[in-house]
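Please read the structure below before turning to the comments.
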């Protein structure tokens, strides 16, 4: 079973390339935003995915277009790599501690995109990354991957730790949901996802 995808997306604001292998491989990330690179590296490593992302964006404006468009392109790659979604476990949930912070993620690879995002940040930025872009990235990813995605920071005081806990919780939930089931069929009363 080939669970891979390569997606490129070029607009007047960004030029993005994503290579994804759901079953593992090298992780190489270069978006031009150091903290986003760190988060996407964590997503690939902790999810057990092969993930290569390069992005060139209009960072002289700010990081919004780059973060959102990387989310769009990565979501499209997940949707393509999952194909008709038959044979996957479908659901995944994870709690991840990051020092004083605790992040929660629960998701359903359902073809019914939705985002519930419950997190507050005390600072405008972590490094060169605007903390508000965490939600923008997650929304773009969920809607383009066709995932119902719930994310919540249970508690914490360090914004770096809070955001990293969310990305790692997403990684482990995706790892569980994309795992192959024993039947090889769709986990749905409808028979399809």
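The values are calculated or read from the model by the stated rules, or taken from the named source; none is laboratory data. Here the structure is a predicted model, which is why all the values come from computation and not from measurement. Ideal geometry is used to build each Cβ from the backbone, glycine not excepted, and the neighbour counts take in all protein chains shown.
Annotations
- Unmet requirement for residue 59, which otherwise passes all of (1) farther than 30 Å from residue 190 by Cβ; (2) surrounded by fewer than 17 Cβ atoms within 10 Å (Cβ to Cβ); (3) in contact with a strand residue (DSSP E or B) (Cβ under 6 Å, 6 or more places away or on another chain): (3)
- Criterion: under 21 Å from residue 165 (Cβ atoms), in contact with a strand residue (DSSP E or B) (Cβ under 6 Å, 6 or more places away or on another chain) and either at pLDDT 95 or above or surrounded by 20 or more Cβ atoms within 10 Å (Cβ to Cβ) (or both) - qualifying residue of 51, 43, 20: 51
Conditions (1) buried (at least 16 other Cβ atoms within 10 Å of the Cβ); (2) touching a helix residue (DSSP H, G or I) at 6+ places or on another chain (Cβ under 8 Å); (3) within 19 Å of residue 136 (Cα to Cα), marked per residue:
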{"position": "7", "(1), (2), (3)": "yes, yes, no"}
{"position": "28", "(1), (2), (3)": "no, no, no"}
{"position": "37", "(1), (2), (3)": "yes, no, yes"}
{"position": "78", "(1), (2), (3)": "yes, yes, yes"}
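- Answer from 96, 109, 33 - the residue that is crowded, with 20+ Cβ neighbours inside 10 Å, modelled with pLDDT of 95 or more and closer than 16 Å to residue 140 by Cβ: 33
- The condition of being in contact with a strand residue (DSSP E or B) (Cβ under 7 Å, 6 or more places away or on another chain), in a loop (DSSP other than H, G, I, E, B) and under 25 Å from residue 180 (Cα atoms) holds for only one of 25, 92, that being 25.
Residue-wise test of (1) assigned to a strand (DSSP E or B); (2) under 17 Å from residue 96 (Cβ atoms).
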{"position": "112", "(1), (2)": "no, no"}
{"position": "117", "(1), (2)": "yes, yes"}
{"position": "120", "(1), (2)": "no, no"}
{"position": "148", "(1), (2)": "yes, no"}
{"position": "162", "(1), (2)": "no, yes"}
{"position": "165", "(1), (2)": "no, yes"}
